[in-house]
Amino acid sequence: MKANTAWTAPLHPLGRAGERLLDRALCLLGAVGLSQAPEFFQQYLQRLGGHLDEARIALARYEAVARESGLTLTRLIETTRAQPAGPVARLGDAIAEAQARVLDLESAEAALRAASLWERPFVFLRHVDAEIAARAWTVFKPAVPVTTEGLVYAGAGMVLALISYQLLVVLPGRALLRRWRRPEDEVDRAAGGRARIDP
């Protein structure tokens, strides 16, 4: 067992160099990856604003019909829903959905714009529209982070990458290595004990 350890000893510096190279590469990947979050938020907000404008235009048409009929929008929804004809009743549901859509998008946009740097990821997850986010991602264009927010996210990405590397790779690897070495140590101790006993 000692011979085996002596044979692998020259490889230890290579292992340590590889470990340093890997954690630096992960730091770089974490920094570059997370630094793109502010740019994605910005592009998502632009798309969200576009959807909000379209939803407001659609709702404005219904509001104009309600005014021309001498009704409030709520009353127009109730009146159309009460009609026996199926298509007219479904129109009331469509108006209510358009109104709810505008309210949802307004709430999401206001929350994201008001969120601080640290709150924004959590606010985004709480208010995210999956369809808008998916479309924003398909056309997402990475950008070089030159803002304070981008640099902060880059630093956070480095820290998260290092923590993940330590928790998921280094610590389990060291635990496995200790378990692998334990039988060798026991054999070495047993051999040493026999050598002291034998004349």
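Any chance you could count how many residues in segment 67-98 are of a type in the set (Val, Ile, Thr) and outside any helix (DSSP H, G or I)?
First, pick out the residues of segment 67-98 that are of a type in the set (Val, Ile, Thr): 72, 74, 77, 79-80, 88, 95.
Now drop any that are not outside any helix (DSSP H, G or I), which leaves 72.
Adding up the residues that qualify gives 1.
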With the checklist (1) closer than 30 Å to LEU160 by Cα; (2) surrounded by fewer than 18 Cβ atoms within 10 Å (Cβ to Cβ); (3) hydrophobic (A, V, I, L, M, F, W, C) in hand, flag the one item ILE57 doesn't pass. (1)
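For segment 87-130, how many residues meet the condition of being of a type in the set (A, V, I, L, M, F, W, C) and over 30 Å from VAL65 (Cα atoms)?
Total meeting the criteria: 12.
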Out of segment 99-127, which residues are farther than 22 Å from GLU54 by Cβ, in a helix (DSSP H, G or I) and free of Cβ contacts under 8 Å to residues at least 24 places away in the same chain? ALA114, PHE122, VAL123, LEU125, ARG126
Quick check on segment 68-77. Is at least one of its residues without any contact (Cβ under 8 Å) to a residue 60 or more places away in the chain, under 15 Å from TYR44 (Cβ atoms) and surrounded by 13 or more Cβ atoms within 10 Å (Cβ to Cβ)? no
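Report yes if ALA96 is among the hydrophobic types (A, V, I, L, M, F, W, C), surrounded by 13 or more Cβ atoms within 10 Å (Cβ to Cβ) and either within 20 Å of ARG135 (Cβ to Cβ) or within 37 Å of the chain's Cα centre (by Cα) (or both), otherwise no.
Values: among the hydrophobic types (A, V, I, L, M, F, W, C): yes; surrounded by 13 or more Cβ atoms within 10 Å (Cβ to Cβ): yes; either within 20 Å of ARG135 (Cβ to Cβ) or within 37 Å of the chain's Cα centre (by Cα) (or both): yes.
Answer is yes for this residue.
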VAL102 over 21 Å from GLU149 (Cβ atoms), in contact with a Leu (Cβ under 6 Å, 6 or more places away or on another chain) and among the β-branched types (Val, Ile, Thr): yes
Across segment 99-116, which residue is farthest from VAL152 (Cα to Cα) among those that are surrounded by fewer than 16 Cβ atoms within 10 Å (Cβ to Cβ) and hydrophobic (A, V, I, L, M, F, W, C)? ALA100
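We did not get these values from a lab; they are worked out from the coordinates using the rules stated. This one's a predicted model, so the numbers in the text were calculated from it and none came from an experiment. With ideal geometry, Cβ positions are generated from the backbone for all residues, glycine too; neighbour counts draw on all protein chains shown.
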